[in-house]
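Please read the structure below before turning to the comments.
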Amino acid sequence: MPGDPGQPDEVVTPRPDEVESPAGAARAPEAPGDTGPGTRESASPSGVSDTDSLDPDERVRPSWSESLARNATRPLGGPLGEHAVVGRHWFWTPLRVGLLLALLALVVSWFGKSACVQQYDTGDKLALDWRSSRPYVAMCYSDIVPLYTAERLDKPETFPYETSWVDDEGKPTAHTRYMEYPVVTGMFQWVNAKITAGWVTKSEEGWLPTALPVVIYFSISAFWLALAWLVTVWCTGRTARHRPWDAAFIALSPLVLVHAFTNFDTLATACAAGALLAWSRKKPVLAGVLLGLGIATKLYPLFLLGPLLILCLRTGRMKAWWQATAGAVVTWLACNLWLILLYPEGWAEFFRLNSERGADPDSLYNVVMKFTGWEGFDGPLPWGESPQWLNLVSAALFVVLCAGIAYIGLQAVNRPRLAQLSFLVVSAFLLTNKVWSPQYSLWLVPLAVLALPRWKLLLAWMTIDALVWAPRMMYYLGENNKGLPEEWFLGMVVLRDLAVIGLCVLVIYEIYHPALDRARRRVDEDPGGGVFEDAPDKFVIGGRKPRSGTVSDHDDVPGEPVPAPVGT
């Protein structure tokens, strides 16, 4: 991975006089004359370098600040002792522990999907065992498996966006199809298919173990997707700075256990998390390049440019925004322009399918239609026609919510953090969009942990969101096959949406009450702000001066001291 993961923690400008510790917590003394890396004597007036480690007072200890972590440590001896030596282990840093936990979670996730890549002997050949609706009964369904043949990736002559085929041939609904994913995701699938073909050739020669090509393809794809999620965890942990243990919380997210290999979305989360890390290191061009790569993978990283614009307007740092935007545009064009010129119809397939798509079962529009009997904005449509009113209303609602988020970003007394606005914008898109595929929730995981690092609340949302998978699979199984009625599935969809809305309300509340924001050590600080860090406001609606002060860093009553933990 990029950088040096061996550093114990990320660094922000030391402010030891402004950091609150639990009552009774002892501050580690400094050795006289110690001027090595990580000491205050080595810090420049503007701060310390990125490679210096945090001192014990600048770390957030989850067993002190999070009741969830505090209770989880009891079988292991209880919370960290007040005189414990922190940050001295030669290898096991919080970030490395987080990466190990992420690796274990990904292994569990792979085994959760492995039931859908089981093989059986038909008598004359091996076949994929999807008998008796196995993908739904075992809840192991993954788009990766059927797409291998549906996108013609099993054919040696296939090239994405050039190769076409006819779906529903011989029926009134017959139509020409191409690769339906953005270019980076489409080429990712094609490259994995080519690696699979090479693997099959070597296995036939006896050099490698053999299996059905689709099983090999899934395993190769899962390897790269797992690596992308490790990059997501690494980047988010580095962006969190004095909260490195948040990376471990991301690693154990229930959503990762269920959806890491449902589709190809970890590629996009890696790009988005990398862009936020680059921005926090005051590298707007690199951030833009990673955003452009992410937009060419999945559309949602595009929405991060909005929060950057709001905060650049507020701070007068528009040059950085133009640099990031230019980097994103150039990178996106580099990925897409050759396809636009060579295979325009194949390249446009992604946009065509999304414009013609109706309200998916997991959208709020479908929930309203189901429970009220309403026929939708467009009513019944002939096959192949776009739901123009649904598209318009969905886009308009998203724009309205973005305008509201922009107002909050420019009107709040203390400048919101980049992660807070990013979480609000992506949540607004998912809530107003006509499609919320289950794996889309992975987009929110790193943003939520950066925006609202309250572990119990986030665990509650992630658990609800992950549990939507069970009634979804039982609904797809069908009532005739002892599945669940649609209403059970839609009820869980409503619970998930309410949970996300609740998180958005809490994020907005903390924007207006920054002393409750755990990601800050001062109410005017943004650990991931990068270009905005310590920048004065230039344009604020209302013109009020920001407040100053320290923040509460525990999940009890704000402002009340937490008893010092007992233990070794």
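The values are calculated or read from the model by the stated rules, or taken from the named source; none is laboratory data. All figures in this text were calculated on a predicted structure; none of them were measured in a lab. Glycine gets a Cβ as well: all are built from the backbone with ideal geometry, and neighbour counts include every protein chain shown. SASA here: full protein model, heavy atoms, side chains in, ligands and nucleic acids out. Shrake-Rupley method; radii C 1.70, N 1.55, O 1.52, S 1.80 Å.
Annotations
- With every protein chain in place, the stretch 276-379: carbon and sulfur % of accessible area (1.4 Å): 71
- For the stretch 208-350, the direction-averaged projected area of the alpha-carbon convex hull comes to 11.4 nm².
- Applying both filters, DSSP loop and at most 15 other Cβ atoms within 10 Å, to the trypsin sites (Lys or Arg not before Pro) of the stretch 258-303 gives Lys282.
- Accessible surface area normalised per residue over the stretch 303-369 is 46 Å², counting heavy atoms of protein chains with a 1.4 Å rolling probe.
- Heavy atoms of Leu467 accessible to a 1.4 Å probe, total area in Å² rounded to 10: 100
- A straight chain from Tyr512 to Leu342 at 0.36 nm per residue would run longer than the Cα-Cα distance by 56.2 nm.
- For the stretch 176-236: rounded, prolate or oblate by the Cα gyration tensor [a/c cutoff 1.5]: oblate
- Accessible surface of the stretch 117-188 [probe 1.4 Å, protein heavy atoms]: carbon and sulfur percent: 48
- Ligands, DNA and RNA are left out, and with a 1.4 angstrom probe the accessible area of the stretch 185-225 is 48 Å² per residue.
- Trypsin sites (Lys or Arg not before Pro) restricted to DSSP loop in the stretch 350-439 with at most 16 other C-beta within 10 Å: Arg357
- Cross-link check: pairs Lys171/Lys482; Lys370/Lys482; Lys194/Lys283; Lys194/Lys298 evaluated at a Cα-Cα cut-off of 24 Å; pairs beyond the cut-off: Lys171/Lys482; Lys194/Lys283.
- The convex hull defined by the C-alpha atoms of the stretch 247-294 has an orientation-averaged projected area of 3.6 nm².
- The stretch 441-546: trypsin sites (Lys or Arg not before Pro) falling in loop per DSSP and having at most 10 other Cβ within 10 Å: Lys482
- Globularity index of the stretch 273-412, i.e. its alpha-carbon radius of gyration over 2.2 N^0.38 Å: 1.29
- Between Lys194 and Phe371, the contour length at 0.36 nm per residue exceeds the Cα-Cα span by 59.1 nm.
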